[in-house]
Amino acid sequence: MAEQPQPPAAPEPAPKADTVTLSADEHQRLLEQAGKGEQYIRQLADLENTKKRFQREKDEFVRYASDTVVRQLLPIVDSLSQALVAVDKQSNPDAIIKGVHLIYRQLLGVLEKEGVKRIATVGERFDPSRHDAVGQVDATDKQADGTVAEEVQVGYTMHDKVLRPAMVRVAKKAADSTQQTAHKPIS
């Protein structure tokens, strides 16, 4: 019998374009990198959770930061309430006046504990960072030009930060004798 021609052997299939052949070392290296990626994602999630926790704690701190001061003010509110009862009963006016002075001192004590202080004014050199000039007055013989002559409203600092500048009138030497000595607004 005659030999029949055999069909040609099928060629080995060519690797698909999306298939990659890796050595064992390359395969291990890629697995380690994938693990590092997962670890990175976990650490990123932990960081986000920590940020959220810190924000919640900060919000809570801000919400209750004044708790201490408010607790110190409650006895003063009680004292004012008692003073109002005395006024309504038309009690002894001298006792009411003494009570109001006591309440004022209590309030100043609470503010002082929190680092609040009055800004020095009369006789001090005018300082625009601490004083707000609302007018000028003619300087007397005892007053230097540019010093605070009058305090219109008390100013306060808290831990050396100005909460409210003091409203003042500043002494100014008269340029000539025809100037008025009345309070003159600053233009």
Conditions (1) loosely packed, with under 13 Cβ neighbours inside 10 Å; (2) modelled with pLDDT of 85 or more -> residue 130 fails only (1)
Scan the range 50-68 and give yes if some residue there is farther than 28 Å from residue 152 by Cα and surrounded by 11 or more Cβ atoms within 10 Å (Cβ to Cβ), otherwise no. yes
Tabulated pairs, the range 107-124, first in contact (Cβ under 8 Å) with a residue 60 or more places away in the chain, second surrounded by 14 or more Cβ atoms within 10 Å (Cβ to Cβ) and not basic (Lys, Arg), C-beta under 7 angstrom, 6+ apart or interchain: none
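Looking at the range 141-166 only, could you name the residues that are within 24 Å of the chain's Cα centre (by Cα) and touching a residue at least 12 places away in the same chain (Cβ under 8 Å)?
Scanning the range 141-166 gives 154, 155, 156, 157, 158, 159, 162, 163, 165, 166.
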Does residue 71 fit the bill of being modelled with pLDDT of 80 or more, within 30 Å of residue 110 (Cα to Cα), out of contact with any strand residue (DSSP E or B) (no Cβ under 8 Å at 6 or more places or on another chain) and in the same structural domain as residue 108 (by TED's automatic domain parsing)? yes
Pull out all pairs, ordered by first then second residue, where Cβ-Cβ is under 9 Å, the residues are six or more apart or on different chains, the first lies in the range 169-180 and is surrounded by 12 or more Cβ atoms within 10 Å (Cβ to Cβ) and modelled with pLDDT under 55, and the second is small (Gly, Ala, Ser) and in a loop (DSSP other than H, G, I, E, B). none
Against the condition among the aliphatic types (A, V, I, L, M), at pLDDT 85 or above and surrounded by 10 or more Cβ atoms within 10 Å (Cβ to Cβ), how does residue 86 come out, does it pass? no
If you go through the range 93-140, how many residues are outside any helix (DSSP H, G or I), within 27 Å of the chain's Cα centre (by Cα) and basic (Lys, Arg)? 3
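The values are calculated or read from the model by the stated rules, or taken from the named source; none is laboratory data. Because the structure is a prediction, the values reported are computed rather than measured. Here the Cβ is made from the backbone with ideal geometry for all residues, glycine too, and neighbour counts use every protein chain on show.
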